[in-house]
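One structure below.
Derivation of every value follows stated rules applied to the coordinates shown; laboratory data play no part. Just so it is clear, the model here is predicted, and its values are computed rather than measured. Please note: Cβ atoms are built from the backbone with ideal geometry, for glycine as well, and neighbour counts cover all protein chains shown.
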């Protein structure tokens, strides 16, 4: 079956503009977090009582938790009472036109070839983005609806499909899971909801670009994907162009449930603002992503290209509960300047004959720190389960760091865990060879790095892969010579 | 006939060790020159210095290529100006396919020359024709550069790159080493096809049979202790076949 | 000549000396200094006790140690490659059975340029035993030409045995070549079957394959007597 490809490129073509809501509402909650704020958020979103209860329970639990310090990242303390948790007024900080936007950011858009009208949206300029492609959106939505696919914002899902949301919300990432997930559970504002019914193969790649009526979901995004028996969906998150955001802290949750014989492919290109050359500004990205392979033969595949954010804390994971289920994690994480990334995965093998593959490629340049952290666990019932991990690190320059911290727990004598890791640098010989063929040192580095990441890039949908390759070059600019 | 490459009194060292000690050499357009000499005489240093390998330091002398001061140019500027080195031990580039590599290399040149990038069709045509002529399969072009190839295959792929990039000045460093008889013939015919009045060759080798049969040089230079100690035509190779380098070494010491 | 020493607490091998010694009883804490250019082989047989070893290896010195660790008690190893061109090989075999529990931790620090480290750790765990291996390789800022390799392989011989492995590579310099691997699995079922078709009963076949698995470490021991000591002790009591 040939899939209809709807890519980022289509998204930015003239026929489609971002569906950002630009009316600045007067109804904002003040800064800070308390039960009243949570009640305010819930009321504004006209949520049912059970959801308010969920939020409040999470909030009360969060008050008892401490911010985790085990990751290899350092950042100034976050004042959680100095954050707007609902509809932060943007007019004060929003640039009025591209003239007010950081010229460095504009240069990057140039290099990536981002069309003009999209730049304004990405840079957060307060434009009246006229939603003139309602017809495109409607056609798209109708096409999915005909097959019973639900693809909407999570707020809409709460109104229109409360049973599904209620059944699965917090079922993979409980609010007690970790500090940031708990915070998200209390205050999440919006995100994507996807349901693929039994036996349906989603005919197109679903992308956040096409989320209809998408509100700016802000810093506490919540995504749920449910793939019922024997269904398939490929979901794309993010975009290659650096996005500016006035919110420094991002703490999202992604929950995925995969039933019998179903398959979910989740691809991310994350390029949030990483801060300037001196490490000022930049997004803190503390994300909890986890999928449950609940059914027999379920398959979940995470592919991520992480180039942005000042601080990244992210471990897309698979709980392999169903017998014969399979988890995959393919990751490229590039850090430059003062960026810090602590990322990896967890593969929890519970069912029989479950298998997992981890391929992680970390590239550190400048003064950055790049850590792979992973957990592979074989439960007592995971007979004949298999895991293979390959974690490679590439260092560019002598002021950066690459760290590999895989945890492995083998608790079943018929299961096997295998982990291989290497750390190396781009050799002088490789650089000379490429330059002798006419490549500049920067072109040579980007070619070699793309070669190093090839196994992961190949897992991305085609259009995404092309953009990601270009992104590698831009991210590493200034890292040599 | 105009001088294509003119080396005058070239001195170079690696670390603290001087390797080239006043080497002079002139190569005209369309000529094929051979450099022979015992191990450590500076043959490979010369090829690296001509290409600007940062590992080697030039301490004196001059090199002009088509009227440009080569020594002031960066490695890639020299490559784009038309200097090509077929490496003795080509470096591995894991994950980078040969066709991607050639696309980058060609486009880097075109960009420097202010030309547009090659479109996919013309590019494929350009590499396919040359690959066929050198017995290089599509599968070899898809595999990562120099990873998992035999010594002979690597050398053939060096000649292939030379054919694709169409440089004005080709340096072949110990091209015949590690190749079987058939591979040497294919590579040799590749060199013969590429000979033109607008292209010169500098071939480094020990193997007089290979040089006579496949390269057919116009000039032969004997290098010893970082200097040219003898120059002549193909007949110099007969002398080496009879007596080795011993006689030439005496001259260098004297 | 192989020298037998017991319960080392502090020891210095002087500049340029060569030494091979076996330690059959270990103290709870040993500190060893290998001075410049010295070449040392150190064999250690260890059972049911807590023990820590820390070794500082000087310029151009070579230190090779093989440790057999059996039973309860934590084993803590720490190696400081303090001088340029220092070399360290630190192999470990661990065996745990019954209700035994042990944490084997190792830290290799490349504190000087041009240093090389090798480590092969092999474990066999049965019964309800729980083994943890924590293996760190650290390369600090601005170190050059470092080559480090660590391999950990463990086999689980019973359904209730558990092995936890936590390798840790911390690298702050780019002129390095570093590799590590870790695997937790079982005896090869095909090999087991093959031996049994030759009439060897299952218990013997398992013992034989376990021996073969551990021998990879012992095979590198050049001194015959020492190698046999290790092989004799590296078995589960029946």
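How far is the Cα center of region C:111-153 from the Cα center of region B:120-164, in Å?
Taking the Cα centre of region B:120-164 as reference, the centre of region C:111-153 is 41 Å away.
Based on other C-beta atoms within 10 Å, arrange B:116, A:198, A:167, A:454 from fewest to most.
Exposure proxy ranking, most exposed first: B:116, A:167, A:198, A:454.
Using a 7 Å offset from the Cα along the Cα-to-Cβ direction at both residue B:193 and residue C:74, what is the distance between the two label points in nm, to one decimal?
Between residue B:193 and residue C:74, the simple spin-label model gives 6.8 nm.
Please report how far the C-alpha centroid of region A:279-315 lies from that of region C:1-30, rounded to the nearest whole angstrom.
Here the two parts' Cα centres lie 50 Å apart.
May I ask for the distance between the Cα centers of region A:360-381 and region B:199-230, given as a whole number of Å?
53 Å
Compute the relative contact order of chain C as a whole-number percentage, counting only Cα pairs closer than 8 Å that sit 6 or more residues apart in sequence.
12 percent
Of B:126, B:212, B:242, which has the largest mean-square fluctuation in a 10 Å C-alpha GNM of chain B?
Per the Cα network of chain B with a 10 Å cutoff, B:242 tops the list.
Please determine, in degrees from 0 to 90 and to the nearest 10, the orientation of helix B:120-133 with respect to the longest principal axis defined by the Cα atoms of chain B, where the helix direction is its Cα long axis.
Taking the Cα atoms of chain B, the angle to B:120-133 is about 50 degrees.
Going 7 Å from the Cα of residue B:213 in the Cα-to-Cβ direction, what parts of region B:156-183 have a backbone nitrogen less than 11 Å from that spot?
Under 11 Å, as judged by backbone N against the label point of residue B:213, lie B:181-183 of region B:156-183.
Within a 10 angstrom radius of the beta carbon, how do A:51, B:236 rank from fewest other beta carbons to most?
A:51, B:236
Determine, from the Cβ-Cβ distance of residue A:142 and residue A:43 and an R0 of 22 Å, the FRET efficiency 1/(1 + (r/R0)^6), rounded to the nearest 0.05.
Once rounded, the FRET efficiency stands at 0.10.
Over the Cα atoms of region B:3-253, each weighted equally, I'd like the Debye log10 I(q)/I(0) at q = 0.13 Å⁻¹, rounded to two decimals.
Debye intensities relative to I(0), on a log10 scale: -0.83.
Test of understanding: in a Gaussian network model of chain C with alpha carbons linked when under 10 Å, which of C:204, C:74, C:147 would top the mean-square fluctuation ranking?
The residue that fluctuates most here is C:204.
Which of rounded, prolate or oblate describes region C:2-187 when judged by the alpha-carbon gyration tensor and an a/c cut-off of 1.5?
oblate
Can you give the helix-only mean residue ellipticity at 222 nm for the protein assembly as shown, where every DSSP H stretch with n ≥ 4 adds -39500 (n - 2.57) and the sum goes over all residues, rounded to the nearest 500 deg cm²/dmol?
Value at 222 nm, helices only, nearest 500: -7500 deg cm²/dmol.
Simple spin-label model, 7 Å along Cα-to-Cβ: residue C:191 to residue B:182 in nm?
4.0 nm
If the label point is 7 Å along Cα→Cβ of residue C:220, which residues in region A:390-428 have backbone nitrogen under 13 Å from it?
None, by backbone N distance to the label point.
Taking chain B as a Gaussian network, where each spring joins two C-alpha atoms under 10 Å apart, which residue of B:15, B:244, B:178 fluctuates the most?
B:15
How many partner chain Cβ atoms sit within 10 Å of a residue's Cβ in peptide A:366-375, on average, as a whole number?
1
Run the quick spin-label model on residue C:5 and residue C:202: label points 7 Å from Cα toward the beta carbon, then report their separation in nm to one decimal.
Label at residue C:5, label at residue C:202, 4.7 nm between them.
With axes computed from alpha carbons, what is the tilt in degrees of helix C:224-233 against the longest principal axis of chain C, rounded to the nearest 10 within 0 to 90?
Result, in degrees: 50.
In degrees between 0 and 90, to the nearest 10, how far off the longest principal axis of chain B does helix B:181-194 point, with axes built from Cα atoms?
Roughly 90 degrees, rounded to the nearest 10.
If contacts are Cα pairs under 8 angstrom and at least 6 residues apart, what is the relative contact order of region B:3-253 in percent?
With pairs under 8 Å counted, the relative contact order is 28 percent.
For the residues A:352, C:122, A:280, what sequence is obtained by ranking on other C-beta atoms within 10 Å, fewest first?
Ordered by Cβ neighbours within 10 Å, fewest first: A:280, A:352, C:122.
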